[in-house]
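Everything below concerns the one structure shown next.
The values are calculated or read from the model by the stated rules, or taken from the named source; none is laboratory data. None of these values were measured; they are calculated from a predicted model. Please note: Cβ atoms are built from the backbone with ideal geometry, for glycine as well, and neighbour counts cover all protein chains shown. These accessible areas exclude ligands, DNA and RNA; they are computed on the full protein's heavy atoms, side chains included. Shrake-Rupley method; radii C 1.70, N 1.55, O 1.52, S 1.80 Å.
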Amino acid sequence: MRISRRRILALAILGTWLAVVGVHVRREYFRPFELVLAEGAAGLAPGSTFYLARMGDHAIGVATARLDTLEDGFLVEDFLTLDVPALGTVHRAVARTTVKLSKSLGLVDFNFDLDSEVGRFAVRGVARGDTLLELEIGAGGERQRTSIATEGAIVLPSMLPIRLAAAGRLAVGERMRARLFDPSTLAPRDVELRITAHDTMLVADTAVWNADTGEWVGVPDTIPAWRIEETFAGISVASWVDEDGRLIRAESPLGFTLERTAYEIAQQEWRRSQGDGSLALGYGTVIEGTAIAANAPLGATGSIDRLAVRLVGVELDGFDLSGGRQELRGDTLFITREVLAGGAGYELPYRGGGSVAEELASTPLIQADDPRIARTARQIVGDERDAATVARLLNDWVYANVRKDVTLSVPSALQVLEAMTGDCNEHTVLYVALARSLGLPTRTAVGLVHIDGRFYYHAWPEVWLDDRWVAVDPTLGQFPADASHLRFLVGGLARQVELVRLIGRLRLEPVM
């Protein structure tokens, strides 16, 4: 490494030469990071890599990553197709990301598209130096524009390992802190990267046809690999990359893996798994794989008025476990279903202030100020202005009219209104938008719900009634929601990602 050689040279030279070399070394060490990246990036080799996505032992998708050089920088393209089996059928999502980078790997602009049964979610971002990221968001209806103030370089998640490689920092023990912007959550997140291991891995980047078996066979090659551990919000995600920072293998706490292989192998394995109809039985392998069994009978869904349950196996700091109907005592969570004896205590629109009023805002995914949302909400409730009655009417309407199905989407209220289908996320985002359009403060809660002896990850709204947040559930048709709804977080997609901390670790022990 150039800097290390110069440091050794500087320490070896005596007398007047020491000062001269010292100045030279100082100039090398304190060069602008962009210059270091530009020099390192010049050695990156253009090309395409292919991946197979698995859930456990089953192939559920394929991906492609391409790096190309431009006259003034680089172009990075990622393409992912997932087929997730659930509820007797296969649900497809297709994600595309195109990123234009400067010669020093700085973000110039990007496009992110996610296509699903609900519609297309699209984000275009343009970096204005290191201080501003301008966004154009398409999630049903007219495109919306917003901006996010930034401090320092704007980095997309897939670009961080490449920046590490270009900076010459792929070495065990290296650490890096960065602020990433995730287009799928429309929010930045602070991460810490650590290089925790170095090894060699066998990767089948090419394949040959075996005429005897009638299938492609991978030809493995040995390549150096570094293990990167990315930590954010208490979540750790591990991946292996090659000397250019290109992904070899990634593991998700949800049970997904992405493995580099030859194009022919990826396609062959994916097609082979598509004929296995057993994967879609029940809620499907993905949902069932993250469910938590209850160690005691709790009663029928929707009938539980009180529940006490021990939360075992995870750190509980940072979760929204206490407040309203929930009380955390040590590691035991007590939940009591709300009772609405009369009206809500006020008429719409809500005229109070403070943090409650913040839950009336329109956002890029909760388009409460869109005329179609407002018109639909008014048609549902008519002239009714009592907040509790309106909350119930909306809950009944969403439950009765939105078809229950698994979707792989970034939930947008307008797209749900157009498609009238989705899972708990789509039911919740539509309910929140309808309620807010009428002046009814409503927020999103996420956590777990008990169904048929198991706890499943779930989302539902909370509505401001009787000077408190009341849980309702338009997916299951519960008003108020029963006590088996265990709230862990309140907020949008950026916060909901934190639920990953629980998967595979949390154990629930109902206290009888």
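Between helix 2-12 and the chain there is an angle of about 60 degrees, using the helix long axis and the longest principal axis of the Cα atoms.
With contacts defined as alpha carbon pairs under 8 Å and 6 or more residues apart, what's the relative contact order of the range 126-205 in percent? Walk me through the numbers on the way to the answer.
Numbers: 97 pairs, mean separation 16.3, N = 80.
Relative contact order for the range 126-205 comes out at 20 percent.
Sequence gap at least 6, Cα distance under 8 Å: using those rules, report the relative contact order of the chain to the nearest whole percent. Once divided by the residue count of the chain, the mean separation gives 14 percent.
Taking only protein heavy atoms and a 1.4 Å probe, what accessible area per residue, in Å², does the chain have with all protein chains in place?
Working: 23440 Å² over 512 residues.
Heavy-atom accessible area per residue stands at 46 Å².
Carbon-plus-sulfur fraction of the accessible area of the chain, 1.4 Å probe, in percent? List each step's numbers first, then the result.
Numbers: 12310 of 23440 Å².
Answer for the chain is 53 percent, counting heavy atoms of protein chains only.
The long axis of helix 16-29 is offset from the longest Cα principal axis of the chain by roughly 30 degrees.
Taking Cα atoms only, the orientation of helix 263-273 departs from the longest principal axis of the chain by about 30 degrees.
Could you sort 500-510, 260-270, 410-420, 424-434 so that the peptide with the highest average Cβ count within 10 Å comes first and the rest follow in order? Present the calculation step by step, with values, prior to reporting the outcome.
Working: 500-510: 17.3, 260-270: 20.7, 410-420: 23.5, 424-434: 28.0.
Highest mean packing first, the order is 424-434, 410-420, 260-270, 500-510.
Ratio of alpha-carbon Rg to the 2.2 N^0.38 Å globular estimate for the range 71-147, to two decimals, please. Could the numbers behind the result be given before it?
On the way: Rg = 15.4 Å, N = 77, 2.2 N^0.38 = 11.5 Å.
My calculation over the Cα atoms of the range 71-147 gives 1.34.
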